[in-house]
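Here is the structure we will look at.
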Amino acid sequence: MAELPGCCRPCATCLLCLYSCRWIGAKEKRKGLRTTKCDCSWFFFLFCVFLFTLVWLYFAIVILNDFHNFNEFIFKQRKLWLDWSLVLLIATAVLITYSAMLLALALCLQLCGQPLKLHWVHKSLLIVTALVVAAAFTGLGIKWAEEWRSAHISLQATGPFLHLGVVGGMTLLAWPLASFIYHSRNAGLKVFLLLMYSAVMVALYLSPLMITSPCIMEENQLPPKPALVGHRGAPMLAPENTLMSLHKAVGCDVQVFETDVMVSADGVPFLMHDEKLTRTTNVQDVFPERASLNSTAFNWTDLQQLDAGSWFLERRPFSTVQSLSAGDRKQASKQKIPSLEEVLEVAKHSNISIMFDLRPENHSDYQSFVNATLDTILQSGIPLQQILWLPDGFREQVKQQVPGVQQVYGRKRLQDEKEPLLHVNLPYQDMSSEEIRQYRQDNVSVNLYVVNQPWLFSVLWCAGVSSVTTNACQVLKEMKHPIWLLPSSTYLMIWIVADCVSFLMIMWAFLLLPALTVLILSAPTESETDVLLTKINSLMQE
């Protein structure tokens, strides 16, 4: 098998050594080494593992938006806090790098006309890689099924660019494929590969017909930027559900402070998300024998003894904690559990609305929790339109006692709705772009949670959502425009140009490579040239 230009024998030998884990001297012939059907099968397996791992890398990047929820889940189950997103990204990077390097070696060997003899160590590692990624997908489907919908939404942000990337990658694949087809002696395999490759390329060329994105629109059609709702305040800048977090949220131009309210054993409403105090306070140090009790089992005097800020500096739930100033660190370490009364006072003077859940809804004294919360709201003197009421329990009673409070529903509209819904609060996976547009046309305010990544915020912005709940208010605040916005005519032009360039390059690969190979094979070798020059020199001397 002839080596192509640019593939010197030492380079080819080195590539073969890395791929096959065998060293062949420069003087040894490679006649005994040929690519068998089994070798071709392993190359196909390698290609599939690479694609499989690449898809997982895409999923890993998508689920980073919601990974803080996973960290909290693991803490509740194992009492171990770790930023598992780093573990996920490092493991995924190792797997994708390994499979990509093996695939690059295989393609280089094919271009150099060398046999594809994959070593058994690489075969074993490829099988392990496939099993690990399959296990990751299985776990995602069982424990975190909503992330499949997140991936579908992400295609609205990445679809046009994924199309260009895949077309480019498949176009580059034409060169090693043309080399293999030209050198292969199996006519049936040649026809099969050509048909498969042609079918894939035709599907890719036409795939933009299936790509939809709310960000494919004219500039003048872009809806207003969604308002920001601080998820437990500004939890990337301060300990969640504290007064410091509320002040940081105000500094991020957040319009609504989203929080969670519980009621102490002596009837004082306070801010706390978890049913237990172990994650966000030092209750294990202060009350070790009562640390496993629910938050509502403590009276207000006990709760005021707890430190609600030091955990934030010790566990670093977000990478932004490392960049806090010395003043912010000192302030965070002094945070206490705030009462609802304190929060309403700050909200009243900061002109920020407050939206909250009242937990736990399955508590036997839940009605008394509702009464205590309503009494605190009325006594605070805050304008009632600044209160957004989320709990479904005893909602009718709330409407009668404080009719000025804005009712927010955690569900979609029903066909036989008795009274129109004005505000809905849903996970971002639960509403399509079409539904968002329809609600917007009907003057229904839609808030979606939890939105942390700019790509997701951009898609929802283009779709016309009213507001988003976020942990990253400091990031989304700085966004003046969606990440990308393309008029349909511009996208059509990019699509046509990319497909035409790809088609020309593929034709070049399949037509130029055979001619180039024939030219190389017909050229005299170095030894033949030396013999010819010697004979000419002898004749001239005679």
Angle in degrees between helix 340-350 and the longest Cα principal axis of the chain, rounded to the nearest 10: 80
Length added when fully stretched, Lys334-Gln367, from 0.36 nm per residue minus Cα-Cα: 8.6 nm
Two-site label geometry, Leu492 and Ser292: point separation in nm, points 7 Å out along Cα→Cβ: 6.7
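Just to confirm the filter: which trypsin sites (Lys or Arg not before Pro) across the stretch 174-275 are DSSP coil and have at most 13 other Cβ within 10 angstrom of their Cβ?
Listed in order of number, the matching sites are Arg185.
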Among Gln331, Gly393, Met101 the positive-end extreme of the charge dipole of the chain (Cβ point charges): Met101
For the stretch 275-335 versus the stretch 78-152, the gap between their alpha-carbon centres in whole angstrom: 38
FRET efficiency estimate (nearest 0.05) - Cβ-Cβ, Asp442 to Arg78, R0 56 angstrom: 0.80
Extension gain from Phe45 to Trp144, taking 0.36 nm per residue of separation minus the Cα-Cα distance: 32.8 nm
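Under a 1.4 Å probe, what is the accessible area of the chain per residue, stated in Å²? Before the final figure, lay out each step's value.
Working: 27230 Å² over 542 residues.
Solvent-accessible surface per residue comes out at 50 Å².
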Sparsely packed trypsin sites (Lys or Arg not before Pro) within the stretch 385-449, loop by DSSP, other Cβ within 10 Å at most 16: Arg411, Lys412, Arg413, Lys418
Paramagnetic reach from Ala227 in the stretch 347-378 [backbone N under 11 Å; point 7 Å along Cα→Cβ]: 352-355
Hits among lysines - C-alpha to C-alpha of Lys412 under 21 Å, sequence gap 8 or more where chains match: Lys399
Pair Gln322, Lys480: separation of 7 Å Cα→Cβ label points (nm): 3.0
The chain: angle of helix 37-63 to the longest principal axis, Cα-based, in degrees nearest 10: 20
Check: the chain dipole with +1 on Lys, Arg Cβ and -1 on Asp, Glu Cβ, in debye: 2080
The chain: antiparallel DSSP beta bridges as a percent of all, rounded to 5: 15
Under 5 Å, built H, 5+ apart or other chain: amide partners of Thr469: Val229, Leu448, Tyr449, Val451
For the stretch 215-374, convex hull volume per residue from C-alpha positions, Å³: 156
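With r as the distance between the Cβ atoms of Leu511 and Leu125 and R0 = 30 Å, compute the FRET efficiency 1/(1 + (r/R0)^6) and round to 0.05.
On the way: r = 38 Å, r/R0 = 1.25.
Efficiency, rounded to the nearest 0.05: 0.20.
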Lysines with Cα under 27 Å of Lys276, excluding same-chain neighbours fewer than 8 positions away: Lys76, Lys79, Lys143, Lys248, Lys330, Lys334, Lys336
Estimated inter-spin distance, Leu422 and Met210, nm [label 7 Å along Cα→Cβ]: 4.4
Sites Gln284 and Lys348, calculated FRET efficiency, Cβ-Cβ separation with R0 35 Å, nearest 0.05: 0.50
Structure-derived percent of Cα pairs over 39 Å apart - corresponding label in [x] 36; [y] 27; [z] 45: [z]
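The values are calculated or read from the model by the stated rules, or taken from the named source; none is laboratory data. This is a predicted model, so every value here is computed, not measured. Glycine also receives a Cβ, built like all others from the backbone with ideal geometry; neighbour counts cover every protein chain displayed. Only protein heavy atoms, including side chains, enter the accessible area calculation; ligands, DNA and RNA are left aside. Shrake-Rupley method; radii C 1.70, N 1.55, O 1.52, S 1.80 Å.
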